[in-house]
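Trainee: Got a structure for you, questions after.
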Amino acid sequence: MISRDSYRQIDLYAPDRSPCATDLSDNTNLWGVPPHAARAVREAHASAVTRYPSLYAAELKGALAKAAGVSADMVVTGCGSDDVLDSAIRAFTEPGDRVAVPHPSFAMIPIFARMNGLEPVLVPLSNGTALDADAMLATAARVIYLCSPNNPTGNLLDAGEVARVVREAPGVVIVDEAYVDFADADALDLLDSSDRLLICRTMSKAYGLAGLRMGYALGAPALVAEVEKSRGPYKVNALAERAALAALREDGPWVREHVAEAVANRERLADELRAREIEPLPSAANFLLAPVPDAADMAALLRARGVAVRPFVDLPAIGDALRISVGPWEMMQAFLDAFDDASGEVACS
Ligand SMILES: *Cc1c(COP(=O)(O)O)cnc(C)c1O
């Protein structure tokens, strides 16, 4: 074999992404692109395509820093937050080290760990959703990953427990805040007291720029400098940098308006599910996790009816569940109609 031994355990990340009339499977912004970001892409000069982008996205870092209330040397950008997470995991470990990851959480982290010759250690969330700080710390992992609001469960992690992990961890703690725009809490205040905390964010969800791939992290200057080394130059492409700058400077009202609509539709969808005797988990994100008896089957029945959601099988303390992205109400209604129709078929079989 010419491949690396450790790569045999890695499967290509390949969820079912075949086209579907109503795609509620990836938590992107279902209202579309913020208008000023769209204009920045449309009106970009040809040099944005023919020339290399800026080495380290300095102008964009300035805008991100301003939005977060930190200094520009506390920001590192990347080709999606996936790139930042991958680079960070690599930057603070040696091959063979352990990376602690709650379970269930973001599916890419164990893959990034193996891609970098590391050992992912999955630590179950207690009662299916709560951070178990003791168990995370007991791994003594060089990197501890946390996600809040957590994907796929949707809940914010307890702030006191997160603070304790950050305080007592032997290495770097990553807090992934991909869904922070939909929540009413974040971990920013912990940056003042820790130079080993990295807060990862993305413009793929609330900001509607998933296709452009723009993510970033906030942390102490010495920490983000290491991530920058590990990631390398030119990773934010020129169109993404322009669109992200325009979005940060001018699309704030559009983003806030659609975040509010997502939160309202999320609660309305939760009510509709409860009326069908499905009890979704409390969510602080733009999706709901709804326990159902046979998630894989139900997802296939929904897909046959033109609606894509993400099934999860046998989650600890939760069992099978569907993760449903929240968007405009017509899409939620399309999901409910397909769900009712599919449930009727299950009941008859
Ligand atoms: C969607 C998602 C990301 C990935 O974001 P990109 O910036 O598009 O790479 C990261 N973390 C979590 C938890 C996500 O759900």
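The values are calculated or read from the model by the stated rules, or taken from the named source; none is laboratory data. No experiment lies behind these values; they were computed from the predicted model shown. Ideal geometry is used to build each Cβ from the backbone, glycine not excepted, and the neighbour counts take in all protein chains shown. Accessible surface is based on the protein model in full, side chains and every heavy atom, while ligands, DNA and RNA are left aside. Shrake-Rupley method; radii C 1.70, N 1.55, O 1.52, S 1.80 Å.
Trainee: In a helix (DSSP H, G or I), of a type in the set (A, V, I, L, M), more than 30 Å from Q333 (Cα to Cα) and open to solvent by 80 Å² or more (accessible area, probe 1.4 Å), is that true of V41?
Mentor: Working: in a helix (DSSP H, G or I): yes; of a type in the set (A, V, I, L, M): yes; more than 30 Å from Q333 (Cα to Cα): yes; open to solvent by 80 Å² or more (accessible area, probe 1.4 Å): no.
No: the conditions fail for V41.
Trainee: Right, here's the next one. Run down S87, S71, S81 and say which single residue is more than 20 Å from the chain's Cα centre (by Cα) and of a type outside the set (K, R). Explain how you work it out, then say what you get.
Mentor: Values: S87 fails: more than 20 Å from the chain's Cα centre (by Cα); S81 fails: more than 20 Å from the chain's Cα centre (by Cα).
From the options S87, S71, S81, the qualifying one is S71.
Trainee: Can you work out which of the residues in segment 327-344 that are surrounded by fewer than 20 Cβ atoms within 10 Å (Cβ to Cβ) and of a type in the set (G, A, S) is farthest from A206 (Cα to Cα)?
Mentor: Top of the filtered list is G344.
Trainee: Looking only at segment 16-37, which residues are open to solvent by 30 Å² or more (accessible area, probe 1.4 Å) and not in a loop (DSSP other than H, G, I, E, B)?
Mentor: D23, P35, H36
Trainee: Just to confirm my filter: which strands (runs of 3 or more DSSP E) fall fully inside segment 91-200 and include at least 2 residues that are away from the ligand (no atom under 12 Å from the Cβ), without any contact (Cβ under 8 Å) to a residue 40 or more places away in the chain and open to solvent by 10 Å² or more (accessible area, probe 1.4 Å)? Please lay out each step first, then the result.
Mentor: Working: elements: 98-103, 119-124, 143-147, 172-176.
The strands (runs of 3 or more DSSP E) meeting that bar are 119-124.
Trainee: How about segment 4-50: which of its residues are within 16 Å of the ligand (Cβ to nearest atom), at pLDDT below 95 and touching a helix residue (DSSP H, G or I) at 6+ places or on another chain (Cβ under 7 Å)?
Mentor: Correct list: Y13 only.
Trainee: Here's a check for you: in segment 74-90, which residue that is more than 12 Å from the ligand (Cβ to nearest atom) and assigned to a strand (DSSP E or B) is nearest to M115 (Cα to Cα)?
Mentor: Filtering segment 74-90 for residues that are more than 12 Å from the ligand (Cβ to nearest atom) and assigned to a strand (DSSP E or B), the one nearest to M115 (Cα to Cα) comes out as V76.
Trainee: Would you mind stating whether L55 is within 16 Å of the ligand (Cβ to nearest atom) and either touching a His at 6+ places or on another chain (Cβ under 8 Å) or touching a residue at least 24 places away in the same chain (Cβ under 8 Å) (or both)? Steps first, answer last, please.
Mentor: On the way: within 16 Å of the ligand (Cβ to nearest atom): no; either touching a His at 6+ places or on another chain (Cβ under 8 Å) or touching a residue at least 24 places away in the same chain (Cβ under 8 Å) (or both): yes.
Spelling it out, it is not the case that L55 is within 16 Å of the ligand (Cβ to nearest atom) and either touching a His at 6+ places or on another chain (Cβ under 8 Å) or touching a residue at least 24 places away in the same chain (Cβ under 8 Å) (or both).
Trainee: Does R249 satisfy the criteria of being part of a helix (DSSP H, G or I), farther than 30 Å from L64 by Cα, open to solvent by 30 Å² or more (accessible area, probe 1.4 Å) and of a type in the set (K, R)? Show your work before the answer.
Mentor: Numbers: part of a helix (DSSP H, G or I): yes; farther than 30 Å from L64 by Cα: no; open to solvent by 30 Å² or more (accessible area, probe 1.4 Å): yes; of a type in the set (K, R): yes.
It is false that R249 is part of a helix (DSSP H, G or I), farther than 30 Å from L64 by Cα, open to solvent by 30 Å² or more (accessible area, probe 1.4 Å) and of a type in the set (K, R).
Trainee: What number of residues in segment 201-226 are under 14 Å from A244 (Cβ atoms), in a loop (DSSP other than H, G, I, E, B) and out of contact with any Pro (no Cβ under 9 Å at 6 or more places or on another chain)?
Mentor: Our first condition is that a residue be under 14 Å from A244 (Cβ atoms); within segment 201-226, this holds for 201-216.
Okay, now just the ones that are also in a loop (DSSP other than H, G, I, E, B), so 203-209, 213-214.
From the residues that got through so far, the ones that are out of contact with any Pro (no Cβ under 9 Å at 6 or more places or on another chain) too are 203-206, 213-214.
Adding up the residues that qualify gives 6.
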